[in-house]
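Rule-based calculations on the coordinates, nothing more; no lab input. Given the structure is predicted, the values throughout are model-derived calculations rather than measurements. No Cβ is skipped: glycine too gets one built from the backbone with ideal geometry, and neighbour counts run over all protein chains shown.
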Amino acid sequence: MSEAQFRNWQAIQAEVLRRIHARNWPPGHTIPNEVDLAQEFGCARATVNRALQSLADAGLLERRRKAGTRVALHPVGKATVTIPVIRQEIEDRGMTYAYRLITRDIATSPAPLGATGPGLHVTAVHHANDSPYVIEDRWINLTTVPDAAEQPFDQISANEWLVTTAPYTNGDISFAAEPATAQEAQLLNTAEGTPVFVIDRITWDHDQTITTVRLTYAPGYRIHTGIGTGAIAS
């Protein structure tokens, strides 16, 4: 690869990955510093920095001040979770989507939301091919997202509205199999106590919570993801 091809950080990232996989730079090896790499690749130091930081964020490099950058001894793959629009998820599976709002209330925010003022509580059921697919039980922080108070959420779900209008910086997510409560069983057309897949998620805009949501899926739901070796999202 010529110097002209190293003008962007993605190309440098690809070359560093190649050297790691080829064991030119084996696990534990300290790689050249940014200044030397920038000179080798004929690019700005900032371009090298972005490429190396991307690989460090993926767990393939370890970076320490004054100690340099080395290839991780035990690379740890990091999962990137994208919050899906449930309607899109259902339609992508070739099924017909429908949505039903159950409740919409402004009330005292629960502790996990971390809000001092009132929050908007929305519960709804998303359907696929006329069958219940998932219950969305959500609280929205009206201090962080005040416009949510004006949304009826009777046609567009809170899930879809938030994904498209309320950007987040970080979040926390957990997965569990739990017995369906009486209310969940009724909404999902199943028997109380039936094992269901549950996702609990909270998202923040820096230090301000945006929303907490509990997604309870109908029996038979499967979550699918992929595993990549050295694949980095740009």
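Observations
- Residue among 210, 199, 20 with the largest mean-square fluctuation in a Gaussian network model of the chain, springs linking Cα atoms under 10 Å: 20
- Judged by the ratio a/c of the largest to the smallest principal axis of the C-alpha gyration tensor, the range 141-217 counts as oblate, that ratio being 1.5 or greater while a/b is no larger than b/c.
- For the range 95-234: rounded, prolate or oblate by the Cα gyration tensor [a/c cutoff 1.5]: oblate
- GNM on the chain, alpha-carbon springs under 10 angstrom: the most fluctuating residue among 222, 65, 23 is 65.
- Relative contact order (%) - criterion: Cα under 8 Å, at least six apart; region: the range 2-137: 16 percent
- Local net charge near residue 169, Cβ-Cβ under 10 Å (Lys/Arg +1, Asp/Glu -1): -2
- A protection proxy built from the mean count of other Cβ atoms within 10 Å ranks the segments 134-144, 33-43, 105-115, most packed first, as 134-144, 33-43, 105-115.
- Take every pair of alpha-carbon atoms less than 8 Å apart whose residues are at least six positions apart; their mean separation over the length of the range 107-234 yields a relative contact order of 25 percent.
- Once the gyration tensor of the Cα atoms in the chain is diagonalised, the equivalent ellipsoid follows with semi-axes of 44, 21, 16 Å, ordered largest first.
- Per residue, the chain reaches -7000 deg cm²/dmol at 222 nm when only DSSP H runs of four or more residues are counted, each adding -39500 (n - 2.57).
- Whole-Hz ³J(HN,Hα) from phi, Karplus 6.51 cos²θ - 1.76 cosθ + 1.60, for the range 212-217, glycine and proline x: 10, 9, 10, 9, 10, 8
- Each Cα pair under 8 Å and six or more residues apart adds its separation to the average, and for the chain the resulting relative contact order is 14 percent.
- Residue by residue, the range 171-181 carries 3J(HN,Hα) couplings of x, 9, 9, 9, 10, 7, 9, 9, x, 5, 6 Hz when phi is fed to the Karplus relation 6.51 cos²θ - 1.76 cosθ + 1.60 (θ = phi - 60°); x denotes Gly or Pro.
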